[in-house]
Amino acid sequence: MKRVIGGLSKRAVLRTGYGAVLAVLVFAAAEAYRIQSSISEQHLEIYRHYVEQDKPVSVLRRNLWLANIYIRDFFIHTTPEQAALLQSQLTTLRQEDDQALDQLARVSTNRGVLANIRRSVDEFRAVIAPLPSTMLNQPNEAQYEFLQREIVPRRFDLYGTLLSLQAADQQRLQESEREFSDARRQAARRLLIILAICLLLAGAVARFSLGHAENLERRAEKHYAEVEQARGELQQLSARLLEIEEEGRRTLSRELHDEIGQALALLQIEISHAHGLLPGQPEQARERLRTARALAERTVQTIRDISLLLRPPLLDDLGLTPALQFQLEEFLRRSGIRCEFVEEGVSDDLPDAVKTCVYRVVQEALHNCEKHSGASEVRVVVRQLPDCLVAEVEDKGRGFQMNPQGKPTLSRGLGLLGIRERVAIAGGSLVIDSAPGVGTRIGMRIPLAPARKEVNA
């Protein structure tokens, strides 16, 4: 089958393709969210590690600077009170240094530099711890010599060790940033690959969908063309059937009028002659001849009525207007409904198809009016315009309900359907306007061929 590919219908293939595209999109969104979360966590972890490691180093550097300030103040004012203050200040700094070293030991990964810092801090403490007692009564020269010999070298040594740790932290931070950038680039590359796969899959599905849609459109157009062709053939067949029907009616009408009607008329004449030749015969024979003559007269009238219903000779001999006038007179005689006929510029040599269509539509409309409307008056208008023939049949009867498509809500039999079919075959348009209690108007417009107009001109 054309709609089956590898055992799967095109619809199933499309569903699978759309499902795959959606699945890849969902996976791409989830992967993007995971990448973003991972990047954010990594960046936060790097920042947190740097802050946690930089904070104790900053405390150690600050305390080193404070210790030098406290020692300087002590050397400027070497008094017992200043010595006690220095001892208290050094004790506080020692406690803060111990806490900073403990915190640094927890977060730092550079164990060698951390050991050097501990050694330098311990040496610096060992030098400055006895100062409040050993330098209390020393002269300025001895204090200055002690400061230059013991304090300054160890201070620079400790400060250099702290700088080396900070440099190591900076290097570690840079390495982490590079790793972070590499991870971000790899994540972006993975995401781009996923999106590329998604685009390729979406493109394949879209191409297949467009092909399937074009195939369906071609099949629909082909089917529509076949339907239109069948419709045209049916219209041609219907038109041909109507022509055959009208031709049959015409032939039958002329046969009834010319053959059977004339035979019955001769029979009526002969009965009249026979009645005149029996002056002395019994009254019973005269009565039978009178009955036969009346029967012949009724039969002749019936044959004429049937002939008119089948095909009025006036339509072929005199044209549309006299045929419609005669039809309205017969309608008035038969139904008692008053008729108004308006004719404007109708030619006597209209095409036979146009004359037949208008006559039959008016005939069916009058029949429906007599049967359903209950109207007391009907109006028929026929106008010939330069390019078309317009006819209207209007009554003020009961009317009926119309649907939005302009058709009766209830079935009105085959009459209106036959009217529509006749007008459509003639290439015209039909309008039916009705409402309960308002009446009914049937209007039609049939185009006239330009060639016909030129000939008439």
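Listing for the model above:
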quantity	calculated
For Ala100: the one exception among (1) over 30 Å from Thr78 (Cβ atoms); (2) touching a Pro at 6+ places or on another chain (Cβ under 7 Å)	(1)
Selection count where residues are open to solvent by less than 50 Å² (accessible area, probe 1.4 Å) and more than 20 Å from Leu147 (Cβ to Cβ), scope region 104-123	8
Answer residue from region 422-436, given it is open to solvent by 70 Å² or more (accessible area, probe 1.4 Å) and either within 37 Å of the chain's Cα centre (by Cα) or at pLDDT below 80 (or both) and is farthest from Asp395 (Cα to Cα) among those	Val431
Residue selected from region 160-190 under the condition in contact with a helix residue (DSSP H, G or I) (Cβ under 6 Å, 6 or more places away or on another chain) and closer than 24 Å to Ala28 by Cβ, by the criterion most open to solvent (accessible area, probe 1.4 Å)	Arg184
Selection count where residues are at pLDDT 85 or above and open to solvent by less than 70 Å² (accessible area, probe 1.4 Å), scope region 371-382	4
Criterion: of a type in the set (A, V, I, L, M, F, W, C), more than 17 Å from Glu329 (Cβ to Cβ), out of contact with any Asp or Glu (no Cβ under 9 Å at 6 or more places or on another chain) and at pLDDT 90 or above - qualifying residue of Leu389, Leu350	Leu389
Neighbours by Cβ (under 9 Å, 6+ apart or cross-chain): first from region 152-163, within 13 Å of Arg61 (Cβ to Cβ); second among the polar types (S, T, N, Q) and modelled with pLDDT of 75 or more	Arg155/Asn68; Leu158/Ser120; Tyr159/Ser120; Gly160/Ser120; Thr161/Asn116; Thr161/Ser120; Leu162/Ser120
Pair list, Cβ under 8 Å, 6 or more apart: region 205-229 residue within 17 Å of Leu14 (Cα to Cα) and in contact (Cβ under 8 Å) with a residue 12 or more places away in the chain, other residue surrounded by 11 or more Cβ atoms within 10 Å (Cβ to Cβ) and aliphatic (A, V, I, L, M)	Val205/Leu14; Val205/Ala20; Val205/Val21; Phe208/Val13; Phe208/Leu14; Ser209/Leu14; His212/Leu14
Which listed residue, of Thr91, Thr134, Thr78, is out of contact with any helix residue (DSSP H, G or I) (no Cβ under 7 Å at 6 or more places or on another chain) and in contact (Cβ under 8 Å) with a residue 60 or more places away in the chain	Thr78
Residue among Gln89, Gln148, Gln82 that is assigned to a helix (DSSP H, G or I) and open to solvent by 50 Å² or more (accessible area, probe 1.4 Å)	Gln148
Region 3-54, subset within 30 Å of Leu158 (Cβ to Cβ) and surrounded by 14 or more Cβ atoms within 10 Å (Cβ to Cβ), residue modelled with the highest pLDDT	Asp54
Flag for Phe156 being open to solvent by less than 50 Å² (accessible area, probe 1.4 Å), assigned to a helix (DSSP H, G or I) and among the aromatic types (Phe, Trp, Tyr)	no
Some residue of region 446-456 being open to solvent by less than 70 Å² (accessible area, probe 1.4 Å), touching a helix residue (DSSP H, G or I) at 6+ places or on another chain (Cβ under 6 Å) and either at pLDDT 80 or above or among the small types (Gly, Ala, Ser) (or both)	yes
Some residue of region 96-104 being at pLDDT below 80 and of a type in the set (A, V, I, L, M, F, W, C)	yes
Qualifying residue in region 334-345 (condition: among the aromatic types (Phe, Trp, Tyr), in contact (Cβ under 8 Å) with a residue 24 or more places away in the chain and either open to solvent by less than 50 Å² (accessible area, probe 1.4 Å) or in a helix (DSSP H, G or I) (or both))	no
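The values are calculated or read from the model by the stated rules, or taken from the named source; none is laboratory data. Keep in mind it's a predicted model, so treat the numbers as computed, not measured. Positions of Cβ are backbone-derived with ideal geometry, glycine not excepted, and every protein chain shown enters the neighbour counts. Please note that ligands, DNA and RNA were not included when accessible areas were found on the heavy atoms of the full protein model with its side chains. Shrake-Rupley method; radii C 1.70, N 1.55, O 1.52, S 1.80 Å.
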